[in-house]
1. Please specify each residue of segment 42-55 satisfying the condition of being touching a residue at least 60 places away in the same chain (Cβ under 8 Å) and closer than 18 Å to ASP348 by Cα.
2. Limited to segment 212-240, what total is found for residues that are of a type in the set (A, V, I, L, M, F, W, C) and more than 15 Å from VAL169 (Cβ to Cβ)?
3. Based on this model, can you work out whether PHE185 counts as under 20 Å from HIS257 (Cα atoms), aromatic (Phe, Trp, Tyr) and in contact (Cβ under 8 Å) with a residue 40 or more places away in the chain?
4. Hey, among the residues in segment 223-237 that are outside any loop (DSSP other than H, G, I, E, B) and under 23 Å from the mean Cα position of the chain (by Cα), which one's farthest from ILE401 (Cα to Cα)?
5. Suppose we filter segment 18-54 for residues that are touching a helix residue (DSSP H, G or I) at 6+ places or on another chain (Cβ under 9 Å), over 26 Å from LEU323 (Cα atoms) and surrounded by fewer than 17 Cβ atoms within 10 Å (Cβ to Cβ); how many remain?
6. Could you check segment 65-180 for helices (runs of 4 or more DSSP H) lying wholly inside it with 2 or more residues that are within 12 Å of the ligand (Cβ to nearest atom), touching a helix residue (DSSP H, G or I) at 6+ places or on another chain (Cβ under 7 Å) and of a type in the set (Lys, Arg)?
7. Yes or no: MET370 free of Cβ contacts under 8 Å to residues at least 60 places away in the same chain and more than 9 Å from the ligand (Cβ to nearest atom)?
8. If a residue has to be at negative phi and either acidic (Asp, Glu) or in contact with an Asp or Glu (Cβ under 8 Å, 6 or more places away or on another chain) (or both) to count, how many in segment 128-164 make the cut?
Amino acid sequence: MHKAEDLYQDRKDNRILDNFDGDYGYPLLGKTVSLVKDPYSLMQDHYQRYGPISRMALVTGQRTLLMLGPEFNEAILFDREGNFSSAMGYRANLGHFYEGGLLLKDGDDHKKLRRATQPAFKTDSLRGYVEMMQPIQASHIENMPVATEFTFFPRIKETLLDVASHVFVGLNIYGKDAKRLNKNFVAISDGLVTALPYPIPFSPFWKAQRARNQLRDFFERRINRRRKDDKQDIFTQVTKAQTEKGEFLSDGDVSGHMSFLLFAAHDTTTSTLMNMMYYLGKNRKWQEKLREEVFTISKDNLEYEDLNKMTNTELVFKETLRLNPSVMMLGRRSIKETEIAGYKIPADTHLTLGLCYVHRMSEWWDEPLMFDPNRFEEARGEDKRHPYCYTPFGGGAHKCIGMHFALMNARIFIHQILKKYKITIDENYEPKFQYFPMPMASDGLRIRLDKI
Ligand code: HEM
């Protein structure tokens, strides 16, 4: 697969898309402003005016084909013949900071890193992470303000940064290293989405580049020591991971992989938990249902085996990610000319899969705008109407490696918070929603917790 690898990576994007219907948008900005403001309306507009495939342009001048439908998700993510590159789909956006991450690798290179690190995401490892993350979440939740309204975002962000420094990197969350790691990580996120991606001294982009170098250095300086350590965190496991030939991963692979893992895990889970809190605050019945589930387990702390008992929590998690998938669109680039659903896609063409739109298509979902977790129950199984109509974690070779980790994190959080507090969101409060970099209430979500 990807035999012409060195060649396709050197080629420029195909910009000749004029034989597709669509609209590039404004000079320089393309369609970015409407996309950032409301991707659903933009995609709906394109779908109605131009059909399931249409051309558009983005802020960097990048031209792309917007693809709206499960058949495109399937053909491109499953990618039976190796026709699509993930690395080239994300290079323009993520390449500056996350070179060496799994999504920026294709073919055998990707397979090697993914296989070697898969054990860190298998059941035995996950079992250990439950023990590591639960006390951190419990202590943050214990310290949240009670009987007064507060903004949830900074609280959940801090909680998850601490979980990451301990579970991903094996650090003491009260130590200097954890603080430095969190600071660098936040600086990269701040510089990633910027209108000026140039290293102008002291600009967010410049700071992010400096933070990226420090983060990589941080990992690389510790690799040898960790290989001799018996810690259970993900970083230690990745340092010991071996390829099929029995070789350790290179230092660059370890640090690139770890930096990307932190990135891929953090904002996605933050946005999911923010949105779950929103829906539970707005839907008292579901909040009560989940609390009953939590009390049925009747334990202060969960063990790994208890997680699967939280089936209603899983339904709410799924419905939250249907309505607001943390990753709203996926990127790829075609390697050679190929045909999908009767459309000829030229080689080297950037493709945007609008998975958030597919999650709300009335062709696939009953009353798609309604919050209705039961649609995922076995008997209704709306997500089974097409194998690729529900793809919050992607699909195929690049399917999210942290999918089970994310659900585990959410279940532990819900267990800890619902057994202690009632969540209230003012009936008249309808926060404005932002969609980028992640979908969530743009004011950070105002909630109130009361002890039960
Ligand atoms: C609710 C939380 C999460 C969501 C919605 C999410 C979503 C996704 C999606 C859609 C992809 C596929 C991207 C593509 O094919 O273009 C992906 C890939 C990935 N995710 Fe997640 N993710 C979440 C949490 C996590 C966590 C917790 C981790 C790590 C522990 C993680 C690590 C990764 C990695 C490494 C990849 C790239 C996999 C590869 O290229 O082989 N994600 N994620």
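1. ILE53
2. 0
3. Working: under 20 Å from HIS257 (Cα atoms): yes; aromatic (Phe, Trp, Tyr): yes; in contact (Cβ under 8 Å) with a residue 40 or more places away in the chain: yes.
Yes.
4. Only one residue tops the list, namely THR236.
5. Residues in segment 18-54 being touching a helix residue (DSSP H, G or I) at 6+ places or on another chain (Cβ under 9 Å), over 26 Å from LEU323 (Cα atoms) and surrounded by fewer than 17 Cβ atoms within 10 Å (Cβ to Cβ): 3 in total.
6. Details: elements: 70-73, 86-98, 107-117, 123-142, 152-163.
Ranges flagged: none.
7. Working: free of Cβ contacts under 8 Å to residues at least 60 places away in the same chain: yes; more than 9 Å from the ligand (Cβ to nearest atom): yes.
It is true that MET370 is free of Cβ contacts under 8 Å to residues at least 60 places away in the same chain and more than 9 Å from the ligand (Cβ to nearest atom).
8. Step one: of segment 128-164, the residues at negative phi are 128-146, 148-164.
Then keep just the ones that are either acidic (Asp, Glu) or in contact with an Asp or Glu (Cβ under 8 Å, 6 or more places away or on another chain) (or both); that gives 130-132, 136, 140, 142, 146, 149, 151, 158, 162.
Adding up the residues that qualify gives 11.
The values are calculated or read from the model by the stated rules, or taken from the named source; none is laboratory data. Note that the coordinates shown come from a computational prediction; the quantities given were computed from them, not determined experimentally. Cβ coordinates were reconstructed from backbone atoms using ideal geometry, including for glycine residues, and neighbour counts include every protein chain displayed.
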